[in-house]
Each structure stands twice: as structure tokens, then as C-alpha cells.
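Have a look at the structure below before the remarks.
The values are calculated or read from the model by the stated rules, or taken from the named source; none is laboratory data. It should be emphasised that the depicted structure is a prediction, and the values quoted were computed from it without experimental measurement. Neighbour counts are summed over all protein chains in view; Cβ atoms, including those assigned to glycine, are modelled from backbone coordinates with ideal geometry.
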């Protein structure tokens, strides 16, 4: 009888205490870095060899007038240039009066979170079409959100968006320049400048490593 | 929603505790390891080492018992930093999958011999489970939760330690079909526990 009651108490207490397990938290800031790429499957890179790249990174949102956020521009632009050249592309300067096949645009957004928040990830990201690895994509019930351990804290996150557009293939009707490739780097804006530089360089290299179709055709 | 489940669990435990009076009852608490299979194994390749089950059965005769059970299983797999590709997309990030399964089942147990030192049995659990399948990718977390039908056949043996206490060793298979976006879930389990009886 006593044993039974002890077991009831232990089991009920365990359920109440844990109410669902979750993984342990990541240890380092770069453990949260994410690199996403997508491309237009109907676009042909055949014959495309040159690109433009602006001399600064566009900042989107409230931080756009903050000069501090531009301190990594050179790192980002150098890494983008180095990786594109590594894939066989030639960088052109629009001031030379030439036309490039593609235009690369890097943009940064930052978001600050504090106290208990419920971020609206769909607002900035959009619904993910689904993974192929497990057969069926996640159904519409799958939604984005922060892991529960991040619900109540104070932190800044940032996303670096890199797009490749074809300025010679403008849709005259919709007046849109088609974006043929998108790369996104997302993570915490935390750590030393040296650490940020390392993370930017390694993740931008990964962005191109997982986009082998960008390699120029001979 | 979680508080509703917990309330139900606590209510069930209290009810079970209070009703141990009229006939012979068998109560069991077991712990087990679980090994995922099929599509659930693709989602969670690691074995699960957090599997608890509590059950109460009423003896209908020497060979047949009926009752109910509550079980809680947790599975987790850390894929590390991986690159996954889909149609026209690729994502590189630290990826962790995990799920919690809280199951409520009716239990039927057929004892293959009369009461004795070692009583082999076959057991079938039928019920419903609430599962929350989650995936952490970098800073993001996505997931789905809901109810699934659950079927859990088992075979095992109860070894008497004394008149009213026994050691239970069992193996079984659990299956939860795809439901509401949840992946079909299946796993083998090996469990050990204590069973005590009240007359």
C-alpha cells in the first residue's frame, strides 16, 4: 500500500515537473547559424559569366541609419566576391559603362527580442515548402517559431539576404526583375567582432558550397 | 492543452488509487528503452531512453486481466550541423529532432499459465496518444502536435518476488499511424518494471 502511494506520487510529480522533455540548449552562438539557399529551377546560367556587386550592404529596418551595423560590409563584400570568382564569375564595375549578366545584392535585417516574446517568423520568412528527405513535406500544420528555451530572454538576431537578379531579363508587364538565386544567413548577433568575421566568412562560403549550380559553364 | 493531459493523468492515478478495494488488482510501473523503425526512424534514428508506463489491471479470472495505462516516451536525435536539400532549396544548420508521446490505453492481458513463480503473458494496449514532434533548425523551431491512434502489443513474463510483488520483463511494439500532419510513429521497446497486487 505504501509502495503504491509512493509510486503514484513519484510518477505524478515527474509528469508535472517535466511536462514534456526538450533537447539541451546549444553551447555556442554559432551553433544557431543557419544557411539557406534557393534558386529558380527554370533559369539557365548558360553563357552568364559576369556580375555587379554594390560597394555597401543595404540595411533594412530601423537600423538602416546606424553606421555601426556597416562595420562588417567589407567582410561580407569580400567574401561574396571571393566565392563568386571561385565559381568562375567575373566582377564588373558599373562605372566602367559595361553591362553585367547578373546583379548581386546583399541586404541585412536585424531584430531585437526582449522579455517574453512570440516572434512572427512567417512575417519575415514565409512558409517553407517542405523537406524531401522524409518523403512527404510537412503539412500546413507545421509552423515556425523559436525553440521554447528562447521564449523569455533578450537577444538580437540578424539575417543577411543575398540575391542574384538578371537585369537583362526584366518582366515588362509586371515590371519585376527576376531573382534567380537567394541565399540567407541567419543567426544571433552576439560575440566578438573576430568571431562575427569568422562566422560570416565560413557561412558565406557554405552558402556557395551548397549552390553548385552557380558554377559557370565552360 | 498540456495542462489538460496532466490533469487527466493525475485524475486517473487518483481514481486508480482509490478503487483498489473490491477485487484483485495488479498495478505496474515499468521503464524501457525504445528503438524506432521505418519513417519514424528516419526522423529519430536514436534509441529512446525515457519511456515510462504506469498501468492498473483488474483480474477477471486467473488468465485474463483488463485495465488501463498511461505512458510517456521521449525521443531525441542530434543530427549536428547538416545540409539538407529539397526541391530548389538547401539548408545548413544544427538540427535536432525530438518528440514527446503521452499515451492513454486500454490494456488486455492474457496470462499463458496459472498463477505461479513465472507467468508469461501476452498483452494488447489500444488507445490514443498525444504526440508533439519538433525540429530545431538553427534558431528556428518547427513542429506539429496532435492525437494519434495507438496500438501496443507486448509479450513478457512476471516473475514473483513475493506474494504481492513481481518483476515484469516485457518486449513490445508500438504503432501510431500518420495523423494530422504527424509522421507515422513506430518503435520496438524492451521494458522492466515492478508489479504489485492487492486482494
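The figures follow:
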item	result
Subset tally (residues that are within 7 Å of another protein chain (Cβ to nearest Cβ) and touching a residue at least 24 places away in the same chain (Cβ under 8 Å)) for segment B:141-151	1
Restricting segment B:89-108 to residues that are facing chain A (nearest Cβ under 7 Å) and within 21 Å of residue A:205 (Cβ to Cβ), the residue that is surrounded by the fewest Cβ atoms within 10 Å (Cβ to Cβ)	B:89
Residues within segment B:107-126 that are assigned to a strand (DSSP E or B) and either within 10 Å of residue B:157 (Cα to Cα) or touching a residue at least 40 places away in the same chain (Cβ under 8 Å) (or both), tallied	12
Residues being at pLDDT 85 or above and either in a loop (DSSP other than H, G, I, E, B) or surrounded by fewer than 17 Cβ atoms within 10 Å (Cβ to Cβ) (or both) - total across segment A:153-168	3
Single match in B:77, B:130 (criterion: touching a strand residue (DSSP E or B) at 6+ places or on another chain (Cβ under 9 Å) and in contact (Cβ under 8 Å) with a residue 60 or more places away in the chain)	B:130
Candidate set: segment A:38-57, residues that are closer than 28 Å to residue B:86 by Cβ and assigned to a strand (DSSP E or B); chosen: the one farthest from the other protein chains (Cβ to nearest Cβ)	A:51
Single residue of segment B:28-44 satisfying the filter (part of a strand (DSSP E or B) and out of contact with any helix residue (DSSP H, G or I) (no Cβ under 6 Å at 6 or more places or on another chain)) that is surrounded by the fewest Cβ atoms within 10 Å (Cβ to Cβ)	B:31
Segment A:198-212: number of residues that are touching a strand residue (DSSP E or B) at 6+ places or on another chain (Cβ under 9 Å) and in contact (Cβ under 8 Å) with a residue 24 or more places away in the chain	9
Residue ID - nearest to the chain's Cα centre (by Cα), chosen from residues in segment B:149-190 that are farther than 21 Å from residue B:119 by Cβ and buried (at least 21 other Cβ atoms within 10 Å of the Cβ)	B:174
